Each structure stands twice: as C-alpha cells, then as structure tokens.
Amino acid sequence: MTILRPDIPAWIQLVIALIVLAIGPTVVWKVGFWIARPLDLAAKNRRHPTQFTIVDFFCLFVLIQVPTALIHSIPIGPGTAIQEWIPFALDAYVWAAIGAVWWKCAELMSRAGINVPSHRIALLLIVLPVVLVGPLFPIVFTIVVAIGMAKFSTVGWLVFTSVCLAATIPAAMLLSAHLVRRIVAASESAAEVPVEADKAS
C-alpha cells in the first residue's frame with residue numbers, strides 16, 4: 001500500500017477512507033429523501049395539473065450547460081488518454097439523465113401547486129443539484145483528501161481543507177431542506193386563500 005503521508009499511519013488513512021466510502025453515500029442519500037419528502041407529499045395530496053413554464057426550461061438550460069462545460073474542458077486528442085468520442089457520449093448521458101430528472105421535478109412542482117417563478121428556480125437550481133450530487137460527495141471528498149495528503153506540506157492545512165469540504169454538503173442540505181419546507185408551506189397558504197374568501201362570502 002502506498003503511504004500518502006509518512007506522518008499519518010497507513011492504517012488510519014485506509015480506515016477513514018473505507019468508512020467515508022461505505023457509510024457516506026447511504027447517509028447522504030437518505031438525507032436527500034428527507035429533503036424532498038415534503039414536496040412529494042404535497043404533490044400526492046394536491047394533485048394539480050402538470051404544467052411547464054419558461055422558467056423551467058431556463059433552469060434546464062443551466063443544469064445542462066454546467067456539466068457539459070466541465071466535460072468539454074477535459075483535454076482530448078492523440079496526446080491524451082481520452083478518445084475524441086468520449087465527451088460526446090458523456091454529453092448524451094448527461095442530457096438524458098438531467099432531462100429525465102428535470103421532467104420529474106417539474107412535474108412534482110406542478111402537482112404540488114408551486115407556481116411562483118422564484119420558488120421553481122430555487123427548487124430546480126439549488127435543491128435538485130444538492131439532492132442529486134449529494135450522494136457522490138463522500139467519494140469526491142475522499143479523492144480530494146487523498147490528493148491533499150500528497151500535496152499539502154503540513155497536516156494543519158490538510159485538516160483545515162477537509163473540515164471546509166466536510167461542512168459544505170451538510171450546510172447545502174440544511175439550506176435545501178429549509179427551502180423545500182418554506183416553499184411548500186407558502187404554496188399551501190396561497191392555495192387556501194380562495195377557500196377562505198369563498199367561506200367569507
């Protein structure tokens with residue numbers, strides 16, 4: 001086994017990596033379900049008709065452009081290990097995957113009665129990426145820390161960077177959970193206004 005840092009025992013490095021990779025994705029995935037559950041329940045209870053807006057298509061454009069730009073920033077050609085057809089295959093996969101998830105999310109929002117454009121933008125551009133990318137974060141975190149073990153000159157910088165990375169996804173998930181609950185509650189309050197007005201008349 002290659003020891004990335006001689007000052008950190010190899011078995012500690014291995015145990016930490018295995019724990020993060022074994023437990024991390026499952027935990028984050030379950031938290032993702034917890035975040036999206038209020039939206040799913042609202043969609044099942046309210047059952048509004050499915051509608052797509054211009055805002056939804058704008059969000060789809062943004063969601064597709066970000067990973068596509070990252071894919072095409074990878075060097076390709078004869079002097080690299082990546083063949084020229086691979087980025088286009090990745091493009092097709094990204095477009096199909098993001099398109100399917102975007103369709104389902106837009107359908108849930110419509111059925112839940114969420115019609116405010118800013119609320120739909122928040123759900124599509126903040127909550128959706130967090131819920132989708134969250135389970136991959138432990139893997140990315142392990143890779144970054146492994147690189148840091150070889151690059152950083154002191155353990156202090158490594159610990160600082162690791163703590164910052166480890167705090168990113170919980171903060172993003174707490175923000176997403178807050179947004180979902182606030183948006184669902186706001187849409188429920190808006191839906192009850194006509195009913196109360198009818199009772200008053």
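No value in this document is a laboratory result; all are computed from the given coordinates. The model shown is predicted, which means the values in this text are computed figures rather than measured ones. Positions of Cβ are backbone-derived with ideal geometry, glycine not excepted, and every protein chain shown enters the neighbour counts.
Structure above, values below:
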quantity	calculated
Pairwise label distance in nanometres, LEU175 with ILE126, each label 7 Å out on the Cα-Cβ vector	0.7
Sites LYS30 and GLU188 - FRET efficiency at Förster radius 25 Å, r taken between beta-carbons, to 0.05	0.50
Contour minus Cα-Cα distance for ILE74 and ILE54 (0.36 nm per residue)	4.1 nm
